1. For residues that are of a type in the set (Gly, Ala, Ser) and in contact (Cβ under 8 Å) with a residue 24 or more places away in the chain, tally how many sit in the stretch 11-55.
2. Quick check on my filter: what residues within the stretch 1-13 are part of a helix (DSSP H, G or I) and surrounded by fewer than 12 Cβ atoms within 10 Å (Cβ to Cβ)?
3. Residues being free of Cβ contacts under 8 Å to residues at least 12 places away in the same chain and either of a type in the set (A, V, I, L, M) or in contact with a strand residue (DSSP E or B) (Cβ under 9 Å, 6 or more places away or on another chain) (or both): count how many of those fall in the stretch 56-66.
4. Looking only at the stretch 57-89, which residues are of a type in the set (Asp, Glu) and either assigned to a loop (DSSP other than H, G, I, E, B) or in contact with a Leu (Cβ under 7 Å, 6 or more places away or on another chain) (or both)?
5. Which members of the stretch 66-81 meet the condition of being in contact with a helix residue (DSSP H, G or I) (Cβ under 9 Å, 6 or more places away or on another chain) and either basic (Lys, Arg) or surrounded by 12 or more Cβ atoms within 10 Å (Cβ to Cβ) (or both)?
6. Run down VAL44, VAL24 and say which single residue is modelled with pLDDT under 95 and surrounded by 12 or more Cβ atoms within 10 Å (Cβ to Cβ).
7. Of all residues in the stretch 25-56, which are farther than 30 Å from ALA4 by Cα and assigned to a loop (DSSP other than H, G, I, E, B)?
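The values are calculated or read from the model by the stated rules, or taken from the named source; none is laboratory data. Quantities reported herein were computed from a predicted structural model and do not represent experimental measurements. Backbone-built Cβ (ideal geometry, glycine too); neighbour counts: all protein chains shown.
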Amino acid sequence: MINAALLFAFACFGIGLLFTLWRVARGPGTVDRILALDTMVINVIALIILFGLYTGTSLYFEASMLIAMVGFVATVAYCRFILRGDIIE
């Protein structure tokens with residue numbers, strides 16, 4: 001039963017990842033693209049955690065934490081670049 005739920009979750013997050021990839025490619029503005037990239041990071045983290053549950057190892061949970069930190073820093077850097085035109089002051 002848990003395998004069926006994991007496969008359904010993989011499919012849902014995979015479709016969500018494809019939709020956000022479409023938004024990155026066809027977004028009307030830069031802010032929409034940044035939000036879509038942040039959403040893509042969240043979907044990738046969810047897929048990695050689901051894969052960790054599927055394989056039964058805890059290594060993927062640590063990798064998802066690293067990706068979450070890098071995704072947060074990247075989102076902040078993109079927003080600073082949009083607001084100020086410079087990342088490092």
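1. Within the stretch 11-55, the subset of a type in the set (Gly, Ala, Ser) is 11, 14, 16, 25, 27, 29, 36, 46, 52.
When the remaining residues are screened for being in contact (Cβ under 8 Å) with a residue 24 or more places away in the chain, the result is 14, 16, 46.
So the answer is 3.
2. Filtering the stretch 1-13 for residues part of a helix (DSSP H, G or I) gives 2-13.
Scanning the stretch 1-13 gives ILE2, ASN3, ALA4, ALA5, PHE8, ALA11.
3. Step one: of the stretch 56-66, the residues free of Cβ contacts under 8 Å to residues at least 12 places away in the same chain are 56-59, 62, 65-66.
Filter once more, so that each one left must be either of a type in the set (A, V, I, L, M) or in contact with a strand residue (DSSP E or B) (Cβ under 9 Å, 6 or more places away or on another chain) (or both): 59, 65-66.
Residues flagged as free of Cβ contacts under 8 Å to residues at least 12 places away in the same chain and either of a type in the set (A, V, I, L, M) or in contact with a strand residue (DSSP E or B) (Cβ under 9 Å, 6 or more places away or on another chain) (or both) within the stretch 56-66 amount to 3.
4. Step one: of the stretch 57-89, the residues of a type in the set (Asp, Glu) are 62, 86, 89.
Answer for the stretch 57-89, where residues must be of a type in the set (Asp, Glu) and either assigned to a loop (DSSP other than H, G, I, E, B) or in contact with a Leu (Cβ under 7 Å, 6 or more places away or on another chain) (or both): ASP86, GLU89.
5. Passing the criteria: ILE67, ALA68, GLY71, PHE72, ALA74, THR75, TYR78, CYS79.
6. On inspection, the qualifying residue turns out to be VAL24.
7. GLY27, PRO28, GLY29
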